[in-house]
Amino acid sequence: MTLSLLHQILDYSNRSNPYPLYEELRKTPVYREDGGPYVVSTYYEIRSLFHDPRISSDTRNRTGSAADPLGGDSHEEAALPPSFLKLDPPEHDRLRRMTNRPFGPPHSPHRVDGMRPELREIITGLIDGISDPSRFDLVEEVSYPFPVTVICRLLGVPREDEARFHVWADTLAASLDPDPDADSADRGKVANEARMQLGMYLAGLIEERRKNPGDDMLSQLATAKGEDGPMTTMELLSTAALLLIAGHETTVNLITNGMLTLLRHPDVLKRLRREPGLAVPLVEELLRYEPPVQLVPQRTTLAEIEIRGVTIPKGSPVWLVLAAGNRDPQRFKDPDRFDPDRPDVQHLGLGSGIHSCFGAPLARLETQFALSELARRLEKPRLIEDPPPYRQNAVLRGPRQLHIACDGIRP
Amino acid sequence: MGGDGTLDRLKRKGRIVVVGASLAGLRAAETLRDKGFAGSLTLVGDEPYEPYDRPPLSKGVLLGKASADRTALPRLRNVDAKWRLGVAATGLDMGARRVRLADGDEVPYDRLLIATGVRARPWPHEGEGALDGVIVLRTRDDSAALSRMLAAGPRRVLVIGAGFTGSEIASACRERGHHVTVAERAAAPLVGALGGVVGAVAAELQREHGVDLRTGVMVTALDGDAAGRVRSAQLSDGSSVRADVVIVSLGATRNTEWLYGSGLGAGPRGIACDAGCRAFDIRGIVTDDIYAAGDVARCPHPLFGYQFLTLEHWGNAVAQAEIAAHNMLSESVDRVPHMEVPSFWSSQFGINIKSVGVPSMGTEILITQGSLESRRFVGVYGYQGRVIGAVGFDSARWLPFYQEQIEAAAPFPPEFSTVDRRTDGQRPVDADFPDPSVPTHGPTVTLSGYAPDDRRMTFVPAH
Amino acid sequence: MVRIAVDLNRCQGYAQCAFLAPETFAMHGEEALLYNPEVDEAHREKLLQAAAACPVQAILVDAVDVPAKAVSGGR
Ligand SMILES: Cc1cc2nc3c(=O)[nH]c(=O)nc-3n(C[C@H](O)[C@H](O)[C@H](O)COP(=O)(O)OP(=O)(O)OC[C@H]3O[C@@H](n4cnc5c(N)ncnc54)[C@H](O)[C@@H]3O)c2cc1C
Ligand code: HEM
Ligand code: SF4
């Protein structure tokens, strides 16, 4: 039996290169398989839907059989209320504004910019510590620990506890994966359990931060006195969990995808070594070319929407396939070419509209630092395995390991 | 001209003159070079400065985030032009194709672009307007002078007129801690552009921020002291207001006087042109060598019933400059109309106000998202059953959707539900414009397609 | 000096610029952007980072540094 297009996209054997399937998908800009979600894959349509107020991020708006199409969602409310990722205005706006207060402008304009020295120090330490330059796993030694250390410091979560919440974060990230073959009820239960544990862990931490506030974000969120008042404890827990998971499961893939792409484009790698400033446009192109969030599966129509001649009924689940839109030849010339000099890279990699990525400035800086330092310091780096083994997840896509060999580490 | 080489000659060694060296003039010059124009290019501007950006003059500059003499526009490419700055154009000879300059020079052209914009309408009483402390805000010199006046720590500032510029000035003055009175003839600020429903929100914003807002009144006279400094103003309600700085913000006058008598269709309402920015002469015949762009141009807009619109919007100046430059160098079939949906922004009292379309053409308004009380909302304007404009307060990320609605002539009132639709968004109400300019019922034009290259104008004749 | 202008019609207040180059860009309230249109050479690198990060590419940066020669009067 041949698999349907959607099954092929979600099928693990296609993980290392889903792009030909996306090309196929784009032939039907609004694609649907029997009773499944409406899958949108062309650039302009995705961008338009991101700004469409008839689309909700709250999956509780799904109706009928679509209410819980692929499992997971309905279980989590039991553990923690939905985070602002899955809420609509006005709650979304209020929670995001409150979370932003200790993080970014207008109230904390220097926080992320001020982390530059710390980011440099952390990445330097990790590269210094590479155990065996002749063969090492970039994911384990750099791409994973880097953003995790950063998000822990930012939030004020002890790095020592990492082993504990690593498992929860992975489980929760996996629950985002709309794998049609997995037993959804089962996975929902496991995810719920992980959320519960993570919630309990964070609750303890927040309790402590309330008593002994530091200058980390958790302390500031726990003691906030902005115009919106403080968050409730439950809101705070959901928000902290969201930040911790987002900080765990995304940037790791951007860094790894980045190094993989560079090793496949040695000329660009060589240029980056000479001009570290190239990292800036390069990361934007990378977010287009190999976006860590391949698709956004949690939108629901609040009204009938007509797009490209297809009428999507009210209450339907909609998937926005960012990675397909990013390679839409209608928008990007020669889309399958990795070109850090590409002008006007308005990619969809970090979303758009009111839910556009909250951690974007941090993710950008982290990846710029990581790639420019790796390019500068690794001597003659080579891929040991191409393609590398990928994670199961089709939504948060990236290599599970990236084995690299090099001749040494420059100071 | 089709294919006889005229165009090619123009591109290689023609002479293009741009009068008005500001936003529209500069962007047109850059576009001309971008499109391969290799001939001689002259920019004439009466201000002695290279092109600079005006929006910061009433915002960042007054807040000390920028300085008045440092808002020069970035150069997006080399324009390799002859700059005639500090000298005004004083006349046009359409027959001989020459522009006369104030210094007696004449500049010949093959194509002329007029981008002379507008100037602030001065206080109608000349003697009062000349008092020390009375000022308008249009140029960088005005802004520098106003900054100096504010730096001197005036006890009381009076702003006459609560349009966008007046309101922005009032906002900046409050933020700096000055005592501010705003006098507005209409019932609320911003009423002319956004109507009374949204104007009421603007009024609350001003009052909450400590502005002494007087609406429904006119300033009838300004009084000075013996030294010629302004001291107070008299209002039509019989009261008087003390003020050591008075900012006159009563709108703008088009810079077209220099064209009177030339035979070009230029008057106090601007320069009439076709949708491709070609200027009309006074006989109503379109010229083929004279174009207009920016605040001074009056163009029919296909999406708005071909009404002649003059838009004092930054984005309009850029869009028209590009269109005019393109069309100057194109055969007639390759010319493009100006069909961009107008858009505008203003920031005041910490709120980002943006609009798309032409709200002032609307007769009704519906709050589709958020609420007026929260100061975070989207209001949609309807006209004859279709969406014609939208305004957002701190809601910029939703406006692209409403722009698409306007382009598609979507029905008004919108029936669909949206995120954050509140009870006050159930039924449209009178948008409450003081004097709705009601155009006649005409054909409807819509835009279709998303990608820039497959955007099409679709014409739906009136029945 | 580097000259910039922001096309605030395009800008949607994503604040990427204000995060990455706070000496040049600042949010005024939640969504309104204020910026310094003439940026010191010392901040050029961060300015370019900000311009690259803007999701709607609204930040216009000088592409040439030849200032206009102000030919006034004479030809
Ligand atoms: C304080 C202020 C704040 C603003 N804020 C906003 C905003 O927030 N959003 C928005 O969308 N728009 C705003 N605008 C409007 C925007 O700046 C204008 O739409 C834009 O400047 C129009 O550009 P232009 O080139 O058509 O005209 P102008 O900028 O007016 O330029 C015309 C130029 O031509 C010159 N000139 C006139 N007559 C002659 C002559 N006879 N010979 C030679 N030169 C001549 C003038 O001196 C001037 O330099 C603001 C304007 C001001 C003044
Ligand atoms: C390269 C790394 C990253 C990528 C590709 C990425 C991608 C995305 C995308 C596509 C969205 C939009 C989701 C939607 O529209 O439903 C999003 C939202 C979000 N991201 Fe990121 N992200 C990254 C890193 C981070 C980091 C490091 C953090 C935390 C510090 C973070 C926090 C968030 C949050 C909180 C949201 C929800 C925003 C909202 O709903 O308003 N992200 N991210
Ligand atoms: S990054 Fe771009 S969209 Fe965001 S505030 Fe800055 S200019 Fe505006």
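Each reported figure results from applying straightforward, stated rules to the coordinates on display, with no laboratory input. Everything numeric here is computed off the predicted structure, so don't read it as measured data. No Cβ is skipped: glycine too gets one built from the backbone with ideal geometry, and neighbour counts run over all protein chains shown.
May I ask you to list the trypsin sites (Lys or Arg not before Pro) in the range B:274-326 that are in a DSSP loop and have at most 13 other Cβ atoms within 10 Å of their Cβ?
Details: sites: B:Arg278, B:Arg283, B:Arg298; in loops: B:Arg283.
Sparse-neighbourhood loop trypsin sites (Lys or Arg not before Pro): B:Arg283.
Determine by what factor the alpha-carbon radius of gyration of the range B:122-250 differs from 2.2 N^0.38 Å, reporting the quotient.
Details: Rg = 13.6 Å, N = 129, 2.2 N^0.38 = 13.9 Å.
The value comes to 0.98.
Over all other residues within a Cβ to Cβ distance under 9 Å of B:Gln369, the charged ones net out to +2, with Lys and Arg as +1 and Asp and Glu as -1.
Let me know the charge dipole size of the range C:2-63 about its Cα centre in debye, to the nearest 20, where only the beta-carbon of Lys, Arg (+1) and Asp, Glu (-1) is charged. Don't skip to the answer; put the middle values down first.
Details: 4 positive and 9 negative charges, 30 e Å.
Around 140 debye, computed over the range C:2-63.
Specify whether the C-alpha gyration tensor of the protein assembly as shown places it in the rounded, prolate or oblate class, a ≥ b ≥ c being the square roots of the eigenvalues: rounded for a/c under 1.5, otherwise prolate if a/b is larger than b/c and oblate if not. It comes out prolate by the Cα gyration axes.
What ranking of A:Thr250, B:Thr287, B:Thr90 emerges when the number of other C-beta atoms within 10 Å of each C-beta is taken as an exposure proxy, fewest first? Could you put the intermediate results ahead of the total?
Values: A:Thr250 21, B:Thr287 18, B:Thr90 15.
So the ranking, lowest neighbour count to highest, is B:Thr90, B:Thr287, A:Thr250.
Farthest towards the positive end of the charge dipole of the range B:242-355, among the residues B:Ala293, B:Ile353, B:Val341, is the Cα of B:Ile353, using unit charges on the Cβ of Lys, Arg, Asp and Glu. Over chain A, the pair-distance histogram of Cα-Cα distances with 10 Å bins from zero comes to 4, 22, 32, 27, 13, 1, 0 percent, rounded to whole numbers.
Return the percentage of antiparallel bridges among DSSP beta bridges fully within chain B, rounded to the nearest 5 %. Walk me through the numbers on the way to the answer.
Values: 61 of 96 bridges.
Looking only at bridges with both residues in chain B, the antiparallel portion is about 65 percent.
Largest GNM mean-square fluctuation across A:Leu320, A:Leu295, A:Leu365, computed for chain A with C-alpha springs under 10 Å, falls on A:Leu365.
In percent, rounded to a whole number, the relative contact order of the range B:1-113 is 31, using alpha-carbon pairs under 8 Å and six or more apart. Within straight-line reach of A:Lys380, meaning a Cα separation under 12 Å, sit the following aspartates and glutamates at least 8 residues removed in sequence or on another chain: A:Asp407.
Give me the net charge of B:Gly265's neighbourhood, meaning all other residues with Cβ under 13 Å from the Cβ of B:Gly265; Lys, Arg count +1, Asp, Glu -1. That works out to +3. Taking a Cβ cut-off of under 12 Å around A:Leu320, the surrounding Lys, Arg, Asp and Glu residues balance to a net charge of 0, with basic ones at +1 and acidic ones at -1. Rounded to the nearest 20 debye, the dipole size of the protein assembly as shown about its Cα centre is 1680 debye, using +1 on the Cβ of Lys and Arg and -1 on the Cβ of Asp and Glu. Candidate cross-link partners of B:Lys13 among the aspartates and glutamates, defined by an alpha-carbon separation under 12 Å and a same-chain spacing of 8 or more, comprise B:Asp110.
With the simple model of a label 7 Å out from the Cα in the direction of the Cβ, A:Asp128 to A:Ala203 spans 4.1 nm. The aspartates and glutamates whose alpha-carbon is closer than 16 Å to the alpha-carbon of B:Lys65, local same-chain residues fewer than 8 away aside, are B:Asp53, B:Glu168, B:Glu175, C:Glu23, C:Glu38, C:Asp40.
Starting from the Cα gyration tensor of the range B:363-430, take the square roots of the eigenvalues, sort them a ≥ b ≥ c, and report rounded, prolate or oblate (rounded when a/c is under 1.5, otherwise prolate if a/b is larger than b/c, else oblate). Before the final figure, lay out the partial values.
Details: a/c = 1.69, a/b = 1.26, b/c = 1.34.
Since a/c reaches 1.5 but b/c is at least a/b, the shape of the range B:363-430 is classed as oblate.
Using a simple spin-label model with pseudo-atoms 7 Å out from Cα toward Cβ, C:His43 and A:Lys380 lie 4.5 nm apart. For the peptides B:55-65, A:100-110, residues were scored by their other Cβ atoms within 10 Å and the scores averaged per peptide; the highest-first order is B:55-65, A:100-110.
Per-residue shielding of B:52-58, expressed as the average number of other chain Cβ atoms within 10 Å of the residue Cβ, stands at 3.
Among the residues of A:40-50, the average count of other protein chain beta-carbon atoms within 10 Å of the residue beta-carbon is 2.
Measuring gaps between exposed loop sites in chain A (GluC sites (Glu not before Pro); DSSP loop; at most 16 other Cβ atoms within 10 Å), the longest gap, sites not included, is A:34-226. Considering only B:Gly129, B:Leu213, A:Pro335, the residue lying farthest towards the positive end of the dipole of the protein assembly as shown is B:Gly129, judged by Cα position with unit charges set on Cβ.
Peptide packing for C:32-43, C:50-61 was compared via the average number of neighbouring C-beta atoms within 10 Å per residue; ordered from the highest value, the list is C:50-61, C:32-43. For the range A:5-409, the Cβ-based charge dipole about the Cα centre amounts to some 800 debye (Lys, Arg positive; Asp, Glu negative; other atoms uncharged).
Peptide B:60-69 shows a mean partner chain C-beta count of 3 within 10 Å per residue C-beta. Calculated [222 nm] ellipticity per residue, helices only, for chain C: -5000 deg cm²/dmol; basis is -39500 (n - 2.57) per DSSP H run with n ≥ 4, divided by all residues, nearest 500.
Just check the range A:160-282 against the gyration tensor rule for me: Cα atoms, a ≥ b ≥ c as the square roots of the eigenvalues, rounded for a/c under 1.5, and otherwise prolate or oblate depending on whether a/b exceeds b/c. Display every interim value, and only then the final one.
Values: a/c = 2.81, a/b = 1.41, b/c = 1.99.
Because a/c hits 1.5 or more and a/b fails to exceed b/c, the range A:160-282 counts as oblate.
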